[in-house]
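Worksheet for the structure shown next.
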Number of protein chains: 2
Amino acid sequence: MAKLVFGHKNPDTDTICSAVVYADLKGKLGEDVEARRLGEVNQETQYALNYFNVEAPALLEKVEDGTEVVLVDHNEFQQSADNIEAAKIVEVIDHHRISNFETKEPLYFRAEPVGCTATILNKMYKENNVERSKEVAGLLLSAIISDSLLLKSPTCTEEDVAAARELAEIAGVDLETYGLEMLKAGADLSEKSVSDLLTMDAKEFSMGDAKVEIAQVNTVDLSEIYEKQDEIEAEINQIIESKSLDLFLFVVTDILNNDSEVLALGRGQANVATGFNVELQNNRALLKGVVSRKKQIVTTLTDEYVK
Amino acid sequence: MAKLVFGHKNPDTDTICSAVVYADLKGKLGEDVEARRLGEVNQETQYALNYFNVEAPALLEKVEDGTEVVLVDHNEFQQSADNIEAAKIVEVIDHHRISNFETKEPLYFRAEPVGCTATILNKMYKENNVERSKEVAGLLLSAIISDSLLLKSPTCTEEDVAAARELAEIAGVDLETYGLEMLKAGADLSEKSVSDLLTMDAKEFSMGDAKVEIAQVNTVDLSEIYEKQDEIEAEINQIIESKSLDLFLFVVTDILNNDSEVLALGRGQANVATGFNVELQNNRALLKGVVSRKKQIVTTLTDEYVK
């Protein structure tokens, strides 16, 4: 039976592209591996898939008991398939912190503190002397652009930049032009319901004893989103109650100015004010220069929760 | 300030040699890294260090807050420095299951399902085109011999065998002759107190909600050890009480026949009988062909605790 490779719930471009590309690499190395996704493909990712003419992987509803799986772009179980404990995790390729992850047996685990899983996969093609097709290069490039906000996020390392330049060449696109078009496709929120906005890129984290959910959307127009603040708050309050969250942080990131305007609700609201040294007004605050959930938000909030 | 690299508590040959060797590799790559140990050097490891004329690393009493550390040959916090949570873990090189490990930030984590950390380090020398000195090769070889019981353990992979052969050549020793001498040096238990036997290679594991400690010693004479069974049991019962263990399993491994005679005490004793399908007599059972704590004992017991 084929091994399955997939990224996290609420898939983003790195998660989808890394799953597709790693299945390609494994196939070329003679292994039987198929890519899957744990949720809907977002507009940004769909733009990249269309551009390079690649099909999205099939949806995985449930992992069968004992299935051998490869995780990319995540390791925390609450971000993985619902019944991930039933699977046999044989491999992980990731670039996030390690938390709420465990296995019964030794496995192949490769995490590196770079900006994007795709950057590690790019290296693995080279280590294994496997050629990157135009499509593979295009998907890896799209993932790096997405995770690094076109190389501007503080999570972006020199390795990511070098990989992006090299991949743009193989993919035959201009990095800046293609990158901005792709990000804009993802930042078009005009068709999104409030529920979409809150779930399209939401991740849950354990911080101390608390459960914190952080949803992030990219936009070119902050005010457009917050026109619906009342409706957003009502929906967030329901999520907080149903999941017993201590905090729900909605992060709206302005991809042109590289700032984020956040909306914080829940008992843990004060941790946002203290952590970022801001005053919340109308439950909101502008976080200047903050664009990275992983490197700027999760770390700051975790410090507040465990100090 | 130098980063510190160390292996687990109750250091064995892989843990000590991997720390020493990885500090050497890092140094040759221009990083400031020093090896440390978390406990006494055992006789087997001392034999290897003496043979290749290498000093043991200094003892680490306590990790200072915020010290950058590299873990080798372990990841589970209860096997690491007592206040490991105070350190900033920047890197892990390991070959065990992943459990009770977490970081706040992304890191470099490399685990591979091979028999020995030294096998991964050997690969890293080659990946980085760094020459292995006779001493480095000797220590890496000693670690592989130790973890694989001279290539006979089920944890031993083809990669470990190939590495051992290659390293024996560089180290200028005959693999079989050197290996058996080194193992025998470690299996000489004549000078050991009961307390030594129970702590010299003991590791604690979380299984479900239970705490299980598994101590292992190598011998060429099973009966010699069990002459002191009464004294051993009294001491184990004290350990169980002071650490609130569900089970203490004492594993005496016969390195000539590759079997283990185990002694099980604690509430969880029945899990040993069920897991290995044996009957305990006088709290003991012979486990034919069982020599690997990691691959044959921890996995079997974890299944019993979480089923």
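The values are calculated or read from the model by the stated rules, or taken from the named source; none is laboratory data. Quick caveat: nothing in here was measured; it's all calculated off a predicted structure. We place every Cβ from the backbone using ideal geometry, glycine too, and count neighbours over all the protein chains shown.
Of the residues making up segment A:104-134, those that are within 12 Å of chain B (Cβ to nearest Cβ), among the basic types (Lys, Arg) and buried (at least 16 other Cβ atoms within 10 Å of the Cβ) number 2.
Residue count for segment B:265-292 satisfying the condition of being in contact with a Leu (Cβ under 7 Å, 6 or more places away or on another chain) and under 20 Å from B:Leu189 (Cβ atoms): 3. Among all positions in segment A:156-171, there is no residue which is in contact with a Ser or Thr (Cβ under 7 Å, 6 or more places away or on another chain), within 12 Å of chain B (Cβ to nearest Cβ), part of a loop (DSSP other than H, G, I, E, B) and closer than 26 Å to A:Ser99 by Cα. Within the option set B:Asn100, B:Asn129, B:Asn75, being modelled with pLDDT of 95 or more and under 25 Å from B:Ala202 (Cα atoms) holds for one residue only, B:Asn75.
Residues of segment A:135-155 that are touching a helix residue (DSSP H, G or I) at 6+ places or on another chain (Cβ under 6 Å), crowded, with 19+ Cβ neighbours inside 10 Å and not in a helix (DSSP H, G or I): A:Leu150, A:Thr155. Of the listed requirements (1) at pLDDT 95 or above; (2) in contact with a helix residue (DSSP H, G or I) (Cβ under 9 Å, 6 or more places away or on another chain); (3) on the phi < 0 side of the Ramachandran plot, A:Asn283 misses just one: (3). Just to verify a result, which residue in segment A:87-98, among those that are facing chain B (nearest Cβ under 7 Å) and touching a strand residue (DSSP E or B) at 6+ places or on another chain (Cβ under 7 Å), is nearest to A:Ser292 (Cα to Cα)? My answer is A:His95. Among the candidates B:Asn277, B:Asn237, B:Asn258, B:Asn218, the residue that is in contact with a Phe, Trp or Tyr (Cβ under 9 Å, 6 or more places away or on another chain) and of a type in the set (S, T, N, Q) is uniquely B:Asn237. Within segment A:205-233, residues that are more than 15 Å from A:Ala264 (Cβ to Cβ) and without any contact (Cβ under 8 Å) to a residue 12 or more places away in the chain reach no partner that is β-branched (Val, Ile, Thr) and assigned to a helix (DSSP H, G or I) with beta carbons closer than 6 Å at six or more positions or on different chains. Taken as a whole, the structure leaves A:Ser260 outside the set of residues that are under 28 Å from A:Asn75 (Cβ atoms), in contact with a helix residue (DSSP H, G or I) (Cβ under 7 Å, 6 or more places away or on another chain) and in contact (Cβ under 8 Å) with a residue 12 or more places away in the chain. Scanning segment A:36-54 for residues that are buried (at least 17 other Cβ atoms within 10 Å of the Cβ) and closer than 15 Å to A:Ser133 by Cβ yields a count of 5. The combined condition, being more than 14 Å from chain B (Cβ to nearest Cβ) and touching a Leu at 6+ places or on another chain (Cβ under 7 Å), is not fulfilled by A:Ala35.
Identification of helices (runs of 4 or more DSSP H) wholly contained in segment B:226-307 with 2 or more residues that are crowded, with 17+ Cβ neighbours inside 10 Å and away from every other protein chain (no Cβ under 14 Å) yields B:229-243, B:269-276.
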